[in-house]
Amino acid sequence: MSDHNVPFGPPRVHPAVDAVGDALDAWTDKFAIGDERLRAARFHRLAARVLPDSPRTAVELLAQWTAWLASQPIPTAYADLAAVIEGSVPADEAAPTVIALVDLWPRTAVGMSLAWRRRCLQHVRDGSGLFAYDVVEAVCRTEIPVGIAHSTSWKAICAAVGELTEWCEVAAPTGQVQDRVQRLASAQLDLLRHLHACHPAIYAPVLEIAETIGAMPGAYLAWLQELDPGLAGSLP
């Protein structure tokens, strides 16, 4: 993330994208959460655009999360998430999506701190889209320090990215889009100024996550443009 760069250029695609797609199909079939609509959405291609340089396992994990979240209404998904995170799911009564989550959550949360897990749970309870960025941290096997995660600049980056991503599906007024892009750029600069005063061990991981999140609207738009228009309109 350079001081003057907002990453909305054509996103690159991970070279193992086809293998990631095969792995995603196998995973959704294993837990019986896939259908033709979900398979046709090719969520592996979205994950491969968000993480073009990451290990293949990271791309596969992000693709699984994306497909799982799209397999049901978000309120239902978040209710299941809260139950699994808190360990209150009776295995003999679990739906296929919950059984899939019982597989997905431990592989995601392994190695992450208690503070990160608490932050995830709070975002889930609040019904916040910030949970998606928590997943990106875990997929990238890094973590945003508490002070930065709760900072004004970090919240501004996430808010701007969230709105820009949503607007990929609608004809948002140009002025509003430009305003959010400017807010994102300003928040990125604020974050950079803050990071310059931090230890390098903190600087690099935060920068990686910030760049990944900042590139998500462009990746999402490119993925949407690959989809059949009728299918795009039916996705959550």
If the convex hull is drawn through the Cα atoms of segment 102-236, its volume per residue in Å³: 127
Which whole DSSP H helices in the chain pass both tests: a Cα extent of 27 Å or more along the axis and a mean Kyte-Doolittle value no lower than -0.5? 174-195
For ASP25, net neighbour charge (Lys/Arg +1, Asp/Glu -1) across residues whose Cβ lies under 13 Å away: -2
Computed on Cα atoms, the radius of gyration and Dmax of the chain in angstrom are 17.5, 54
Once LEU121 and LEU224 are pulled to full extension, the length gained, defined as 0.36 nm per residue separation minus their Cα-Cα distance, is 34.2 nm
Carbon and sulfur %, accessible surface of the chain computed with the full protein complex present, 1.4 Å: 57
Kirkwood estimate for segment 55-143, i.e. one over the average of 1/r between Cα atoms, Å: 13.1
If R0 is 45 Å, what FRET efficiency do you get for ARG56 and SER186 from their C-beta distance, rounded to 0.05? 0.80
Ordered by packing density, taken as the mean number of other Cβ atoms within 10 Å over each peptide's residues, highest first, how do 119-126, 59-66 rank? 59-66, 119-126
Proximal charge balance of VAL110 [Cβ under 12 Å; K/R count +1, D/E count -1]: +3
Towards the positive end of the charge dipole of the chain, with charges on Cβ (+1 Lys, Arg; -1 Asp, Glu), say which of LEU221, HIS196, ALA95 has the farthest Cα. HIS196
Length gained, GLN176-ASP103, 0.36 nm per residue minus C-alpha separation, equals 22.3 nm
With the contact rule set at Cα under 8 Å and sequence spacing of 6 or more, what percent relative contact order holds for segment 90-220? 26
Could you compute the net charge surrounding ALA138? Neighbours are other residues with a C-beta less than 10 Å from the C-beta of ALA138; K and R count +1, D and E count -1. 0
So for the pair LEU114, ARG37, with labels modelled 7 Å out along Cα→Cβ, what separation do we get in nm? 4.2
For segment 133-191, what is the largest minus smallest coordinate of the Cα atoms on each principal axis, given in angstrom and ordered from greatest to least? 35, 23, 13
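The values are calculated or read from the model by the stated rules, or taken from the named source; none is laboratory data. As the structure is a computational prediction, the values presented were derived from the model and not from experiment. So basically every Cβ, Gly included, is an ideal-geometry build from the backbone, and we count neighbours across all protein chains shown. Calculation scope for accessible area: heavy atoms of the full protein, side chains included, ligands and nucleic acids excluded. Shrake-Rupley method; radii C 1.70, N 1.55, O 1.52, S 1.80 Å.
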